[in-house]
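Engineer: This is the structure, below, for whatever I ask next.
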Amino acid sequence: MDLEEYIEKHIDREPDHLHALYRRTHLTRLYARMCSGHSQGRLLAMLSKMIRPAKVLELGTFTGYSALCIAEGIADGGELHTVEIDDEAEDELLELFASAPVGDRIRLHIGDALDIIPTLGDGWDMVFIDANKRNYCDYYELVLPRVRPGGYILADNTLWDGKVVDGEAHDPQTEGILAFNDLIAGDERVEKVILPIRDGMTIIRKK
Ligand SMILES: C[S@@+](CC[C@H](N)C(=O)[O-])C[C@H]1O[C@@H](n2cnc3c(N)ncnc32)[C@H](O)[C@@H]1O
């Protein structure tokens, strides 16, 4: 048994509808490993239940797994706005959110996050950044002024399979993550920690 399996056996079980979604993602999608999955999904749900956000923004919907997890913790009457650039995913996502538990709290926006963020207003309690790794710095600079003081930004994949420390990787995605991590480390406007869960998740709190 590896550590991930051990963790999964000792945390809340994965809800049935999310287990089915995870399986479906792996049967139908080429880059299925982008899907959050059991342990990260339960972490997102737990953080959302701790924060109890009324307004959540997610960048990078993929097959909807993380959106459904975060939506579990949204305050009564609250909403999660999720942005996905792949318009071919739209029908399937709308069908999923119409039928899944807490899916009625989710609003889907199809398009480039960089174009859509400015159209969605401000006052975000919680933002989950999980779209194009090359653009993490741009997402952050667009989002931070729109997060309320005391609000949270979670950024996924910030350890990028360990490539952040191997010194050999110079592809655009690794460069994007390295620049983002340096930007956050030096940003006095926020408090920050990195959780080494799965591919690394940075939790940022706006002062
Ligand atoms: C890592 S996956 C998201 C996984 C999902 N949040 C989860 O945890 O299950 C990244 C997604 O971001 C989308 N994406 C990439 N660039 C984007 C952009 N500029 N704007 C919006 N979505 C984008 C991709 O199409 C992909 O579906």
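The values are calculated or read from the model by the stated rules, or taken from the named source; none is laboratory data. Keep in mind it's a predicted model, so treat the numbers as computed, not measured. Glycine also receives a Cβ, built like all others from the backbone with ideal geometry; neighbour counts cover every protein chain displayed.
Engineer: For the structure I just gave you, tell me whether ILE51 is more than 13 Å from PRO15 (Cβ to Cβ) and surrounded by 21 or more Cβ atoms within 10 Å (Cβ to Cβ).
Structural biologist: No.
Here's the yes/no breakdown for (1) in a helix (DSSP H, G or I); (2) touching a residue at least 60 places away in the same chain (Cβ under 8 Å):
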{"position": "TYR6", "(1), (2)": "yes, no"}
{"position": "GLU14", "(1), (2)": "no, no"}
{"position": "THR25", "(1), (2)": "yes, no"}
{"position": "GLN40", "(1), (2)": "yes, yes"}
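Engineer: Just one of (1) away from the ligand (no atom under 14 Å from the Cβ); (2) more than 26 Å from LYS192 (Cβ to Cβ); (3) of a type outside the set (S, T, N, Q); (4) in contact with an Asp or Glu (Cβ under 9 Å, 6 or more places away or on another chain) trips up GLY64, so point out which.
Structural biologist: Exception for GLY64: condition (1).
Conditions (1) in a helix (DSSP H, G or I); (2) of a type in the set (A, V, I, L, M), marked per residue:
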{"site": "GLU88", "(1), (2)": "yes, no"}
{"site": "LEU93", "(1), (2)": "yes, yes"}
{"site": "PRO101", "(1), (2)": "no, no"}
{"site": "LEU108", "(1), (2)": "no, yes"}
{"site": "ASP122", "(1), (2)": "no, no"}
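Engineer: Among the residues of the range 150-172, are any in contact (Cβ under 8 Å) with a residue 12 or more places away in the chain, surrounded by fewer than 18 Cβ atoms within 10 Å (Cβ to Cβ), part of a strand (DSSP E or B) and in contact with a strand residue (DSSP E or B) (Cβ under 7 Å, 6 or more places away or on another chain)?
Structural biologist: yes
Engineer: Looking at SER48, SER39 in this structure, which one is over 15 Å from ASP125 (Cα atoms) and in contact with a helix residue (DSSP H, G or I) (Cβ under 7 Å, 6 or more places away or on another chain)?
Structural biologist: Going through SER48, SER39 in turn, the sole match is SER39.
Engineer: May I ask you to say which residue of VAL83, VAL56 is touching a Ser or Thr at 6+ places or on another chain (Cβ under 8 Å) and near the ligand (Cβ under 8 Å from one of its atoms)?
Structural biologist: VAL83
Engineer: Could you list all residues from the range 111-137 that are buried (at least 17 other Cβ atoms within 10 Å of the Cβ), β-branched (Val, Ile, Thr) and out of contact with any His (no Cβ under 6 Å at 6 or more places or on another chain)?
Structural biologist: Listed by number, the residues that qualify are ILE117, VAL127, ILE129.
Engineer: Tell me, please, whether a residue that is near the ligand (Cβ under 9 Å from one of its atoms), of a type outside the set (D, E, K, R), closer than 23 Å to ASP199 by Cβ and buried (at least 22 other Cβ atoms within 10 Å of the Cβ) can be found in the range 87-103.
Structural biologist: No: zero hits.
Engineer: Can I ask one more? Specify the residue that is nearest to the ligand (Cβ to nearest atom); the eligible residues are those in the range 110-162 that are over 23 Å from LEU94 (Cβ atoms) and of a type in the set (Phe, Trp, Tyr).
Structural biologist: Checked the range 110-162; the qualifying residue nearest to the ligand (Cβ to nearest atom) is TYR139.
Engineer: Please go through (1) within 13 Å of ARG198 (Cβ to Cβ); (2) at pLDDT 95 or above; (3) assigned to a helix (DSSP H, G or I) for MET46 and return the number of the only condition it doesn't satisfy.
Structural biologist: Every listed condition holds for MET46 apart from (1).
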